[in-house]
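What follows is a single structure, written as structure tokens, with notes after it.
The values are calculated or read from the model by the stated rules, or taken from the named source; none is laboratory data. What you are looking at is a predicted structure, and each value in this text was computed from that prediction instead of being measured. Here the Cβ positions follow ideal geometry from the backbone for every residue, glycine too, while neighbour counts run over all protein chains shown.
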Amino acid sequence: MQIVETVRQWWRVQSYLRKLEALGPAAMAELARDNAIPEADLRQLVSRSETDSALLPRLLKRLGIDPEQLAQRQASVLRDMTIVCAGCAMTRRCRSDLSQQDAPLRHGRYCPNTETIRALRQGSETGARPREL
């Protein structure tokens with residue numbers, strides 16, 4: 001069953017990439033500009049599987065940070081974190097760590113968003129609302 005789901009996700013990602021490429025250079029540049037991200041990052045975000053794109057919200061929730069609230073209050077911070085996460089080569093390790101509900105998280109050893117997460121947590125502990133980064 002897992003192989004079938006993996007193939008489905010791969011096919012879905014390929015479909016998204018074809019649709020993105022079908023936009024043409026001008027429309028793709030406009031889409032990237034509208035989202036304030038480089039075109040290469042746009043392709044990288046589209047190429048992520050649904051399970052990989054769910055890792056950041058899961059990590060944030062596990063650490064006591066509400067991703068929906070972060071999206072409302074500091075959308076550019078969450079966007080930047082998502083882009084960094086999309087480029088991460090440690091998704092398998094992250095997924096494994098997050099699947100162990102009672103185990104302490106070890107994301108600080110490998111997560112490229114560690115410093116941003118630390119700053120967000122410090123801001124919430126002091127009651128201060130971290131400024132838009």
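Considering only the range 1-51, state which residues are part of a loop (DSSP other than H, G, I, E, B), at pLDDT below 85 and not small (G, A, S).
M1, N35, I37, R48
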Taking the criterion of being free of Cβ contacts under 8 Å to residues at least 24 places away in the same chain, touching a Leu at 6+ places or on another chain (Cβ under 9 Å), of a type in the set (A, V, I, L, M) and more than 30 Å from A22 (Cβ to Cβ), would at least one residue in the range 113-120 satisfy it? yes
So if I check each of A32, A22, A26, which one is among the hydrophobic types (A, V, I, L, M, F, W, C) and closer than 20 Å to A75 by Cα? A32
Name every residue in the range 1-51 that is surrounded by 14 or more Cβ atoms within 10 Å (Cβ to Cβ) and basic (K, R), in order of residue number. R43, R48
Selection within the range 96-133 - in contact with an Asp or Glu (Cβ under 9 Å, 6 or more places away or on another chain), modelled with pLDDT under 90 and surrounded by 14 or more Cβ atoms within 10 Å (Cβ to Cβ): L105
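From the set of residues in the range 52-88 that are in a helix (DSSP H, G or I), hydrophobic (A, V, I, L, M, F, W, C) and free of Cβ contacts under 8 Å to residues at least 24 places away in the same chain, which is surrounded by the fewest Cβ atoms within 10 Å (Cβ to Cβ)? Walk me through how you get there before you give the answer.
Filtering the range 52-88 down to residues in a helix (DSSP H, G or I) leaves 52-53, 55-62, 67-73, 75-86.
Now drop any that are not hydrophobic (A, V, I, L, M, F, W, C), which leaves 55-56, 59-60, 70-71, 75, 77-78, 81, 83-86.
Narrowing further to those that are free of Cβ contacts under 8 Å to residues at least 24 places away in the same chain: 71, 75, 78.
Values: A71: 14, A75: 12, L78: 22.
Residue satisfying both the conditions and the ranking: A75.
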Can you tell me which residues in the range 57-78 are more than 13 Å from the chain's Cα centre (by Cα) and of a type in the set (G, A, S)? G64
Quick check on the range 85-104: of everything there that is out of contact with any helix residue (DSSP H, G or I) (no Cβ under 6 Å at 6 or more places or on another chain) and hydrophobic (A, V, I, L, M, F, W, C), which residue is farthest from L63 (Cα to Cα)? A89
